[in-house]
Amino acid sequence: MHVAYGDAPALRGVSLRVGPGELVSVVGPNGAGKTTLVNAILRLLPIRQGTVRLGGEDVTSADARAMRLRGVALIPEGRRLFATMSVEENLEMGCYPPSARRYRDEGIARVYAMFPRLKERYRQQAGTLSGGEQQMVAIGRAMMARPRLLLIDEPSLGLAPAIVEQVFETIRAIHADGLSILLIEQNAARALAIAARGYVLEDGRVVAEGPARALMAEPQIRAAYLGEGDAADPREGGER
Amino acid sequence: MPSANLLGQSLLSGILAGGLYALLGLGLSLSWRFLRIINLSHFGFIFLGAYLTYQVATSFHLSPFAVMLAIVPLLFALGVAQQALFVRFAVNEFGSLLVTFGMVAIIESLIQYFWTADFRRLESGYGTLSYRIGPLFLPVAEALTFLVAVVLGLAAWAALRFTYLGKAMRASAEDPAMAAAFGVRERSLALLVAGTSAATAGIAGTFVALTATLAPAQIYAWIGVIFAVVIMGGLGNPLGILAAGLLIGVSEALTMALTSPSWAPLVSFTLLIAVLILRPGRV
């Protein structure tokens, strides 16, 4: 997959790909254009220039709905649940397209098996859940779409460290089932630790890419994003 | 102190009036919540439906309900066209209030042009028919209005709660971008909401023709109380609309019986202000 995003200030000629079954991380400081990248892939923002390909098909002219129908699902930054709708209704929105509805029962059973807590609260309004529970719903909603490419945007944002641990464990488990994942994350150490490959995004450009291990070993990246292994606060070195 | 009979009759007429309020407010509430359009022309659509019912039923000696069946698709189309216009010119929530105020004035002028400012009354046989239940009289046209309001309210509630389309509307009202990312076609859904909302105005119009005397200026008579009902009921909440309609209808009727009819309008707005103070953030 190749994304380029014209002369808009947010992204200037970013190119990246996610292979089948691969987990790729995009790391970088606040304001580097990470969320813009996700929104451009999903066509929530227009792409000025460049192409998007999905499994060989050119989908540059597709819209958000068409991307969903082709199997791209999103776990957005800040969860963005439908707050006044129940847990179960949020999950059902994951299988909204008519062609996906026959997988509803199967999908919901799978999500409840993964997160038993959600089963206990299936009628509760999503907006009244704790941050960690909301993240479970956001993950479940995306899994209901039976995606072939899962976009995950800042999954650790605003969550307690113990919950972040669980969320990354879940991402690892989902990936182990063979799903292709593009993980956007400010917490570089954690994101690169579970990824096969990584990209470092800075000021709308890719400034480094390669196998995650190699990136983590590079002194410059260590200094800028891994801050002596202090994974809890990667922002420090990122902003200049 | 009025007699128990009078109070009972007031209570009954209040309940029935509440049904009419809910019927008039349902579409307004749906388009406000799900389209972010405060559609004053909804009242124009209601009277368009009422006058068309009056005219066609009178000229062709048809049952008003047969006429209603034709009005529903007509008003649906009108609502869809209006929404397409709103999208075309990117009308926002506040702008919609101004634009539709202009539209209702145009509809009023059209009605005045075709039907003059004279009072019109549909002679259907329903208008004067009533049943006696013990000491009380149950007017048939009003009772039918109430029944239709309850049926439409329940249908709207069930559609929003149990169907994928209804859930998609709620999701889209909360976060359109996220709904789109999960496959919701926001634009066509908006047209459906607009058409349905206008169609309920058509249905309401037929019942207005059955129960009221028509004059163009009457378009504005209900705006205040219906806004109170819609806001009290909670936007996009059909059961809330029914409850608020009943509450205001009954309070007005009891006020009329216990004090004087001129106090009635005060009740709805006092209740509205009380709700806004006790539960702010409803709009």
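All of the numbers you see were taken from the coordinates with simple rules; none came from a lab. Since the model is a prediction, treat every value here as computed from it, not as a measurement. So basically every Cβ, Gly included, is an ideal-geometry build from the backbone, and we count neighbours across all protein chains shown.
Grab the alpha carbons of the range A:83-146, take their convex hull, and tell me the volume per residue in Å³.
Roughly 67 Å³ of hull volume per residue.
Based on the Cβ-Cβ distance of B:ILE273 and A:ALA160, what FRET efficiency does E = 1/(1 + (r/R0)^6) give at R0 = 56 Å, to the nearest 0.05?
Numbers: r = 43 Å, r/R0 = 0.76.
Efficiency, rounded to the nearest 0.05: 0.85.
Would you mind ranking B:TYR164, B:TYR126 so that the residue whose beta carbon has the fewest other beta carbons within 10 Å leads the list?
The order, fewest Cβ neighbours first, is B:TYR164, B:TYR126.
With just the Cα atoms of the protein assembly as shown, tell me how far they stretch along each of the three principal axes, in Å, largest first.
90, 46, 43
I want the local charge near B:ALA215. Using Cβ-Cβ distances under 13 Å, sum +1 for each Lys or Arg and -1 for each Asp or Glu among the other residues.
0
Mind jotting down the distance between the C-alpha centroids of the range A:153-177 and the range A:57-79, whole Å?
First find each Cα centre; the distance between them is then 21 Å.
For the range B:66-213, count all C-alpha to C-alpha pairs, find those more than 20 Å apart, and express that count as a whole percent of the total.
When all Cα pairs of the range B:66-213 are counted, 62 percent exceed 20 Å.
Quick one: in chain B, what % of C-alpha pairs are over 35 Å apart? Walk me through the intermediate numbers first.
Numbers: 6576 of 39903 pairs.
The answer is 16 percent, as a whole percent.
How high is the FRET efficiency between A:ALA193 and A:ARG110 when r is their beta carbon distance and R₀ equals 35 Å, given to the nearest 0.05?
0.85
For the protein assembly as shown, what is the charge dipole size about the Cα centre, in debye to the nearest 20, if Lys and Arg each add +1 at the Cβ and Asp and Glu each add -1 at the Cβ?
With only Lys, Arg, Asp and Glu charged at Cβ, the dipole is about 760 debye.
What base-10 log of the normalised intensity I(q)/I(0) is obtained for chain A from the Debye formula, alpha carbons as equal point scatterers, at q = 0.07, 0.10, 0.12, 0.13 Å⁻¹?
For the requested q values the scattering log ratios are -0.22, -0.45, -0.66, -0.78.
For all pairs of alpha-carbon atoms in the range B:62-113, what percent lies in each bin of width 5 Å, listed from the first bin to the last filled one?
Computed distribution, short to long bins: 5, 16, 17, 22, 20, 12, 6, 3, 0.
Can you sort A:HIS175, B:HIS61 from fewest to most other Cβ atoms within 10 Å of each residue's own Cβ? Show your work: numbers first, answer last.
Values: A:HIS175 19, B:HIS61 7.
Lowest count first: B:HIS61, A:HIS175.
Take every Cα-Cα pair in the range A:23-150 and report what % of them are more than 20 Å apart.
The calculated P(r) of the range A:23-150 puts 48 percent of pairs beyond 20 Å.
In peptide A:71-80, how many Cβ atoms from other protein chains are near each Cβ within 10 Å, on average?
2
Can you give the mean number of other chain Cβ atoms that lie within 10 Å of the Cβ atoms in peptide B:167-174?
5
So for A:GLU89, A:GLU202, A:GLU169, fewest C-beta neighbours within 10 Å to most, what's the order?
With the sparsest Cβ surroundings first, the list reads A:GLU169, A:GLU202, A:GLU89.
With r as the distance between the Cβ atoms of A:LYS119 and B:PHE65 and R0 = 60 Å, compute the FRET efficiency 1/(1 + (r/R0)^6) and round to 0.05.
Efficiency, from the Cβ-Cβ distance: 0.80.
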